[in-house]
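First up is the structure itself, then whatever we jot down about it.
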Amino acid sequence: MTREPLKIGVLGYRFMGKAHANALARLPMFFPDAPAVERHTLVGRDEEALAEAAERFGFAHTATDWEDALDEVDVFYNLGPNHVHAEPSIAALEAGVPVLCEKPLAPTLDEAAAMRDAAADADVPAGTAFNYRFVPAIRYAKGLIEDGELGEIRQIRGRYLQDWLADPDAPWAWRMDSEMAGSGALGDLGAHTIDLADFLVGDEVGGIDRLSGHLKTFVDERPVYEDGEGGNDGGERDVAEYRDVTVDDAYSAQVAYESGAIGTFEASRFATGHKNDHAVEVHGSKGSLKFSLERLNELEVLREGDRGYQTVLVTDETDPYVDRWWPPGHVIGWEHTFVHENYEFLSAVAEGGEFSPSFAEGYEVQKTLDAIERSDERGEWVSVE
């Protein structure tokens, strides 16, 4: 019996809207066993820009009110700014509509808790969009750890470095407002690393017992340009006003796990020379591994008895997801992680299954973000609880 296509509603049409719309378009070509979908309603505030985006992304309808969209769709993607994650997502779940929400789950721990509770009460999948879990090399790394190839896990370190705010004249945006974003590099970038660490070694090292965090804001205010987009046309830029930056530009944290393992994490939007440098390392009693998003088809692996790391090209047809794409050795890119993520989420929706990372897992990440902020405020080690 042929199922009707799932009608997809998407809140947000900029960066993440484009990434997920591309993934939805690629699904039937490369994942023919994925549920059929209809890109139904795109939600945004600017009617002109919204209509243009809907045409490019292949959505049949638009709405300027997310509440109107919930009555029309089978699945809701919340890709808006962090401060609009909670209310629409909770409303969708209460209406029995599955939700995929971008990370971090919410600006505050209380809002994240409310989202977690709404998901627990709903009988539909609710997923947090940590797309880096769906990199084939990361899945391969998790398999090595689960198989004991690294032995007892002793250390994990992760960093996420960007430089798009290194220029003090870079324009102000919502990501620099604590009311809208919650935090800066910590939530925007650090959430990814903290989740990836838990995905890779959480079963081996347990939860975080305590941590020490440090936050730093390097530029306290940013210009808003008269054209609203920064006015970077190669000429002089006219500043309309300056707005306060109320989030961190960089963070670092030391983590003590329940098993006795330790972790070191950092992120920055001021790391000159780094565009999107997300890297993790895991060290065990018998071996180690290293991954960098800038070489996402590769995994550096050190096994017991080796004198140095070996580069494993994770592009064989037996590697996770790879058989859906190209012949062995042909690499994939960043955008493919969203295809894998959408495949897993929509399959869970269609089959009535569970999706991971869930809202509950997104909440656990939020607890760590909150603890890092508390530690910075107090200047001392704190418990995540």
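Got the relative contact order for the stretch 272-385 handy, in percent, Cα pairs under 8 Å and 6 or more residues apart?
Details: 105 pairs, mean separation 12.9, N = 114.
With pairs under 8 Å counted, the relative contact order is 11 percent.
Taking the average, over residues, of other Cβ atoms within 10 Å as the packing measure, peptides 11-24, 183-196 rank 183-196, 11-24 from highest down.
Under a point-charge model restricted to the Cβ atoms of Lys and Arg (+1) and Asp and Glu (-1), what is the dipole moment magnitude of the stretch 300-385 relative to its Cα centre, in debye to the nearest 20? Walk me through the numbers before you get to the answer.
Working: 6 positive and 20 negative charges, 36 e Å.
So the dipole magnitude of the stretch 300-385 works out to roughly 180 debye.
Along the charge dipole of the stretch 148-194, pointing to its positive end and built from +1/-1 on Cβ of Lys, Arg, Asp and Glu, which listed residue (Ala166, Met176, Leu189) has its Cα farthest out? After comparing all options, I get Leu189. Each peptide in 252-258, 328-334 receives the mean, over its residues, of other Cβ atoms within 10 Å, and ordering these scores from highest gives 252-258, 328-334. Across Ala106, Ala86, Ala240, mean-square fluctuation computed from a Gaussian network of the chain (C-alpha pairs under 10 Å connected) peaks at Ala240. The relative contact order of the chain, computed from alpha carbon pairs under 8 Å that lie at least 6 residues apart in sequence, is 20 percent.
Pairs spanning more than 22 Å between alpha-carbon atoms, out of Lys18/Lys103; Lys216/Lys275; Lys216/Lys290; Lys275/Lys367; Lys142/Lys290; Lys18/Lys290: Lys216/Lys290; Lys275/Lys367; Lys18/Lys290. With contacts taken as Cα pairs under 8 Å at a separation of at least 6 residues, the stretch 1-150 carries a relative contact order of 20 percent. Listed values for the stretch 7-17 are Karplus-derived 3J(HN,Hα) couplings in whole Hz (6.51 cos²θ - 1.76 cosθ + 1.60, θ = phi - 60°), namely 7, 9, x, 10, 8, x, 10, 9, 4, 6, x, and x replaces Gly and Pro.
With a 10 Å cut-off between alpha carbons and a GNM built on the chain, which of Glu344, Glu300, Glu226 moves the most? With Cα springs under 10 Å in the chain, the top fluctuation among Glu344, Glu300, Glu226 is at Glu226.
Taken together, the values in this text are just the output of simple stated rules run on the coordinates, not laboratory data. No experiment lies behind these values; they were computed from the predicted model shown. So basically every Cβ, Gly included, is an ideal-geometry build from the backbone, and we count neighbours across all protein chains shown.
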